[in-house]
1. Sequence neighbours fewer than 8 away in the same chain don't count; with that in mind, list the aspartates and glutamates whose C-alpha is under 17 Å from LYS187.
2. Quick one: putting +1 on the C-beta of Lys and Arg, -1 on the C-beta of Asp and Glu, what dipole do you get for the chain around its Cα centre, in Debye to the nearest 20?
3. Over the chain, with a Gaussian network built from C-alpha contacts below 10 Å, which listed residue (ASN96, ASN137, ASN35) shows the highest mean-square fluctuation?
4. Taking all protein chains as present, what is the carbon and sulfur share of the accessible area of segment 1-146, in % to the nearest whole number, probe 1.4 Å?
5. Averaged per residue, what accessible surface does the chain expose to a 1.4 Å probe, in Å²?
6. Identify which of TRP24, TRP108, TRP160 has the largest mean-square fluctuation in a Gaussian network model of the chain, with springs joining Cα atoms closer than 10 Å.
7. Using a Cα-Cα cut-off of under 19 Å, which lysines could be cross-linked to LYS16, ignoring same-chain neighbours fewer than 8 residues away?
8. In the Gaussian network model of the chain, springs joining C-alpha atoms below 10 Å, which of ALA172, ALA132, ALA38 carries the largest mean-square fluctuation?
Amino acid sequence: MDIAENAALVVVDVQKGFEELGFWGERNNPEADDNIAALIDAWQASGRPVVFVRHDSSGPRSPLRTGYQGNDFKEYVQERRGRGPGAELLVTKTVNSAFLGTPDLGAWLTAQGITQIVVAGIQTNMCAETTARMGGNLGYDVLFAYDATYTFGLEGPFGWRRSAEELAQASAVSLHGGGFARVVTTKEIVGAAGG
């Protein structure tokens, strides 16, 4: 696996509100936060660009709503912002895809000459997956850091309920099998990035 010298790490919605398990339910992958931190460290150490994405929910009861402490980045992300020598961007959004936020992520990547992105963050099957899918549709070479994401169980139509792990695996299969992204591990990415 080749990691471009200017590949951008896109860190999606690693916010304090996702710690409120009473709202979200049971999560999977307890190692995700350590893996996200390792990716940020590797990117900053190599001088590669990092994009921090924050979801500003308009839902009045959402733990990610603006003006509420849950909207803030988790401490380990906040303390790493601005630490690397590479380019850094903050994107805020109100929908799933980081490509539909402010400022325009696609325009920024184009201006920087970036064609490869690594997606990590929360939730695997929501904003991380949607960002990866849209990145693939827009022609980017997308690497999805599967073990640097996590999600929560969910109920859908017809009384169907799927656990967080089932949903995460389904996302990985859809992204990888559908050709939207290459689903890989943090260790593989960090190794290929020279970290």
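1. LYS187 reaches ASP2, GLU31, ASP33, ASP34, ASP41, ASP147.
2. Numbers: 16 positive and 23 negative charges, 78 e Å.
Approximately 380 debye in magnitude.
3. ASN137
4. Numbers: 2940 of 6160 Å².
Here carbon and sulfur together make up 48 percent of the probe-accessible area.
5. Numbers: 8810 Å² over 195 residues.
Counting only protein heavy atoms, the per-residue value for the chain is 45 Å².
6. TRP160
7. LYS74, LYS93
8. ALA38
The values are calculated or read from the model by the stated rules, or taken from the named source; none is laboratory data. Keep in mind that what you see is a predicted model, and the values were worked out from it rather than measured. As a convention, Cβ positions derive from the backbone with ideal geometry for all residues, glycine included, and neighbour counts pool all protein chains shown. Surface areas here come from the heavy atoms of the whole protein model, side chains and all, with no ligands, DNA or RNA. Shrake-Rupley method; radii C 1.70, N 1.55, O 1.52, S 1.80 Å.
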